[in-house]
Amino acid sequence: MSTKLPLKLLAYLLLIILTLFTLIPFYSMIVMGTYDSFKLYLFNGLPSDYFIHNLESVLKVKEMGRFFLNSLTVSAISVAGAIFTATACGYGLSKYSFKGRRFLNNLVLFTMMVPSQLGLVAYVWEMNKLHLIDTLIPTILPMFSLGFGVFWMTQYIRDSVPTEIIESGRIDSAGEFRIFFSLAFPIITPAVVTLGLLAFIWSWNSFLIPLLTISDVRQYTIPLGVTMFNGLYVSDNGAKILALTIATLPVLLFYLFFSKQLMSGLTAGAVKG
């Protein structure tokens, strides 16, 4: 009993130190948003008195509200699309036996091994041919074919959804869609929430694809909108950091609301994997 207490205290101390190291970048970002751009090198960890000026600089960008709306639109559709396609594909690959299933599983793994940047040139060319440049669609479409999501849901559904439940639904004359949405979907809710949170973060922070496919300022998302604080000779880094802080708030709120489901999904997935 006497040896367990010091070990527990040591574990708690280690966790506290790791938590502080994790929170320091967020704290620094928030505090640096209160500094003048020319005084950032004097950053001492304490708030400055330039917050109002930086906030006014952010609010002076008339399109900032539109940028937030564009990012919310992209993220909402991306989350819905990623969840639907990944769960449907994962359910089919894990619970149906058909010719070519092994090939499709290997294809999903292959898409995870190849860097997505390798296909950017072809993707931009394709979007241009489809006349989708300067729209939000090219930013949304990649989330509908999320290889990690399909792999994640395939593994989770295979271990979490008993085949007996599916067979009992068929015996009761339930259709395949009803079995999927009424019997299987409630069981995999933790994994769905986890995937939705990851898809939201990835789509909200997406920068490279919008940069290559959007030139119309009205279609900018938040990551592109922040670049507007870069001038020809001077960059308003204080206002830029404050804008990044504001842009991070939806992700933090989303995580706080669904953190319990996220931890449940990740833990269950790790144990079952």
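Couplings 3J(HN,Hα) of segment 55-63, computed from phi: 5, 5, 5, 5, 6, 5, 6, 4, 7 Hz, in residue order, whole Hz [Karplus 6.51 cos²θ - 1.76 cosθ + 1.60, θ = phi - 60°; x for Gly and Pro].
Of the residues SER168, MET112, GLY100, the one whose Cα sits farthest toward the positive end of the charge dipole of the chain, with +1 on the Cβ of Lys and Arg and -1 on the Cβ of Asp and Glu, is SER168. The Stokes-Einstein estimate for segment 1-132, based on a Kirkwood radius over Cα pairs and taken at 4 °C with 1.567 mPa s viscosity, is a diffusion coefficient of 61 µm²/s. Remark on the chain: ratio of C-alpha radius of gyration to 2.2 N^0.38 Å is 1.24. Considering only alpha-carbon pairs that sit under 8 angstrom and 6 or more positions apart, the relative contact order computed for segment 145-245 is 17 percent. Across all C-alpha atoms in segment 1-47, the radius of gyration and Dmax reach 17.2, 57 Å. Annotation for segment 180-257 versus segment 90-133: alpha-carbon center distance of 23 Å. Springs between alpha-carbon pairs under 10 angstrom, Gaussian network model over the chain: which of MET113, MET64, MET228 fluctuates most? Result for the chain, Cα springs under 10 Å: MET113 fluctuates most. If you count Lys pairs in the chain whose Cα atoms are under 25 Å apart, skipping same-chain pairs closer than 8 places in sequence, the total is 7.
The modelled label-to-label distance between LEU253 and PHE21, using points 7 Å beyond Cα along the C-beta direction, is 3.2 nm.
Compared with the dominant Cα axis of the chain, that is its longest principal axis, helix 101-113 is turned about 10°.
Placing unit charges on the Cβ atoms of the charged side chains and taking the dipole of the chain about its Cα centre, the candidate lying farthest along the positive direction among LEU55, TYR156, ILE133 is TYR156.
Per residue, the average separation of C-alpha pairs within less than 8 Å and at least 6 apart gives segment 1-117 a relative contact order of 12 percent.
Each Lys and Arg adds +1 at its Cβ and each Asp and Glu adds -1 at its Cβ; summed about the Cα centre, the chain shows a dipole of about 600 debye. Any idea what the relative contact order of the chain is, in percent, if you count C-alpha pairs under 8 Å spaced at least 6 apart? The normalised contact order for the chain reaches 30 percent. Calculate, in whole percent, how much of the Cα-Cα pair population of segment 44-121 lies beyond 18 Å. That fraction is 70 percent. Across segment 72-83, computed HN-Hα scalar couplings (Karplus, 6.51 cos²θ - 1.76 cosθ + 1.60, θ = phi - 60°) run 5, 5, 4, 5, 5, 5, 5, 5, 4, x, 5, 5 Hz from first to last residue, x flagging Gly and Pro. Give me the net charge of LYS95's neighbourhood, meaning all other residues with Cβ under 14 Å from the Cβ of LYS95; Lys, Arg count +1, Asp, Glu -1. Combined, the nearby Lys, Arg, Asp and Glu give -1. Placing +1 on the Cβ of every Lys and Arg and -1 on the Cβ of every Asp and Glu, with no other charges, gives segment 21-107 a dipole of roughly 780 debye about its Cα centre.
Where a number appears in this text, it was derived from the coordinates with a stated rule and is not lab data. Please read these numbers as outputs of a predicted model, since none were measured by experiment. Using ideal geometry, Cβ is built from the backbone for each residue, glycine included, and neighbour counts are taken over all protein chains shown.
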